[in-house]
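A.B. asks: The structure's right below; bear with me while I get my questions together.
The values are calculated or read from the model by the stated rules, or taken from the named source; none is laboratory data. This structure is a prediction, so every number in the text was calculated from the model and none was measured. As a convention, Cβ positions derive from the backbone with ideal geometry for all residues, glycine included, and neighbour counts pool all protein chains shown. With ligands, DNA and RNA removed, areas are computed over all heavy atoms of the protein, side chains included. Shrake-Rupley method; radii C 1.70, N 1.55, O 1.52, S 1.80 Å.
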Amino acid sequence: MRTDIFARLDREPEPPKIETPRMSRHRIALFGGTLAFYLAIVIAVLMSSWLVTLDWKVMLFRPYQQWPGIHAFLDYYVVLGQRGPTAVMVACWLGWRSWRQHTLRPLLTLGASLLLLNATVGAVKYGLGRLGPHYATQIGSAELFAGGDIFPSGHTANAVVTWGILAYLAATPRARRYLSAMSAVVSLGVGLTTVYLGTHWLSDVVLGWAAGLLILLGLPWCEPLITRAEDWIFAARERLSARSRLVPAPPVAAGDPRPVPAGQPAVGETAAQSPAREPVAAGSRQAATVTAAGTATVTAAGTAAGARPRAHTAPPAHQGHTVRSERTPVTPAGSRRPPHADRTPRGGTAPARPVAGG
């Protein structure tokens, strides 16, 4: 019995109607505002403005020394923003959703969002190369283009996307509201935890929130591509299933009987004993010649004009069977002399001879 997700999909091939988020005017406005905020944070850090000064003040305050009692708890809480553990947890939940809703859209949407996250956040990280607070070299500097990879915060952006995808895929408005609030609390806590631990600047966290929100707001533009990917996966699965249903002919071992083609007698039987395997051409005649052993052998005496002769040959002669041909008459055994011209055949009338002497 199959237990994979496709077994469930086979039971009810028609998936239920699930509302897909569209790129409405409200969403486009939010996307544009978030993008402007994102660019403003990047420009403020590049210009070493007041935001960089705030980063240094928070870093020198050293929150992990001010409240050391919660350090152990926040070390575990920050895992909710790591890519590997969160992706596995959310993928398990969305896999169950796919099984219940008979569609691969939840898993494909999660994969698309993570790909976008890696592409966008990773490009900015390595492009700006900002160092973290623990590796800073000059007080008041933005620490850009120094080989770092912490701007924007990957933990924060991953928390926004991974937990926000649950709200994006919610089936009802009520579930969407609750899941949106939960993902906002989790991502806000993960971002502030990285600031507390001293692994990120405050501006890193703010830019990570904006980066994750941009991906969630722009996902409706990826919905047609997700639909085509789902159709392609199911089409490929159908092709593989069709190939698996074509069972190849089993190989014939040495010494086993082989299948007999149509129109040919099997090994060990004569043409008269074998059943008719193909129609006989119109106008053909068969003649039976009985051998001394009493076995009948059927030979073709002639075919109609224009009839196509059979392509197969006569079966090999066996012991006790004699194959004769009508076209080559054979004289009786023991008679090797040619017939005399003056001998009168039996039952015939002798020709008149001339009478000598009148």
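A.B. asks: Hey, residue 84 hits all of (1) under 23 Å from residue 125 (Cα atoms); (2) surrounded by 13 or more Cβ atoms within 10 Å (Cβ to Cβ) but one; which does it fall short on?
C.D. replies: Failed condition: (2).
A.B. asks: Something else about it: Please go through the range 35-88 and give me each residue that is at pLDDT below 95, among the hydroxyl-bearing types (Ser, Thr, Tyr) and closer than 19 Å to residue 215 by Cα, ordered by number.
C.D. replies: Passing the criteria: only 86.
A.B. asks: Quick one: is residue 153 modelled with pLDDT of 90 or more, closer than 19 Å to residue 89 by Cβ, touching a helix residue (DSSP H, G or I) at 6+ places or on another chain (Cβ under 8 Å) and surrounded by 14 or more Cβ atoms within 10 Å (Cβ to Cβ)?
C.D. replies: no
A.B. asks: Taking the range 231-260 as the search range and keeping residues that are open to solvent by less than 100 Å² (accessible area, probe 1.4 Å) and part of a loop (DSSP other than H, G, I, E, B), which one is modelled with the lowest pLDDT? Before you say what the answer is, go through the steps one by one.
C.D. replies: Filtering the range 231-260 down to residues open to solvent by less than 100 Å² (accessible area, probe 1.4 Å) leaves 231, 233-238, 241-242, 244, 249, 252-253, 255-256, 260.
Narrowing the set further to residues that are part of a loop (DSSP other than H, G, I, E, B) leaves 249, 252-253, 255-256, 260.
Details: 249: 56, 252: 55, 253: 58, 255: 59, 256: 56, 260: 52.
By that ranking, first place goes to 260.
A.B. asks: Just checking, how many residues over the range 38-65 are open to solvent by less than 80 Å² (accessible area, probe 1.4 Å), part of a loop (DSSP other than H, G, I, E, B) and farther than 18 Å from residue 132 by Cβ?
C.D. replies: Looking only at that region, the number is 1.
A.B. asks: Applying the selection to the range 39-84, what residues are among the hydroxyl-bearing types (Ser, Thr, Tyr) and over 48 Å from the mean Cα position of the chain (by Cα)? Talk me through it step by step, then tell me what you get.
C.D. replies: So in the range 39-84, the residues among the hydroxyl-bearing types (Ser, Thr, Tyr) come out as 48-49, 53, 64, 76-77.
Hits for the range 39-84 are 48, 49, 53, 64.
A.B. asks: For residue 161, only one of the following conditions fails: (1) touching a Gly at 6+ places or on another chain (Cβ under 7 Å); (2) more than 30 Å from residue 227 (Cβ to Cβ). What is its number?
C.D. replies: (2)
A.B. asks: I'd like the full set of residues that are touching a helix residue (DSSP H, G or I) at 6+ places or on another chain (Cβ under 6 Å), charged (D, E, K, R) and under 17 Å from residue 170 (Cα atoms), limited to the range 73-104.
C.D. replies: Selection gives 97 alone.
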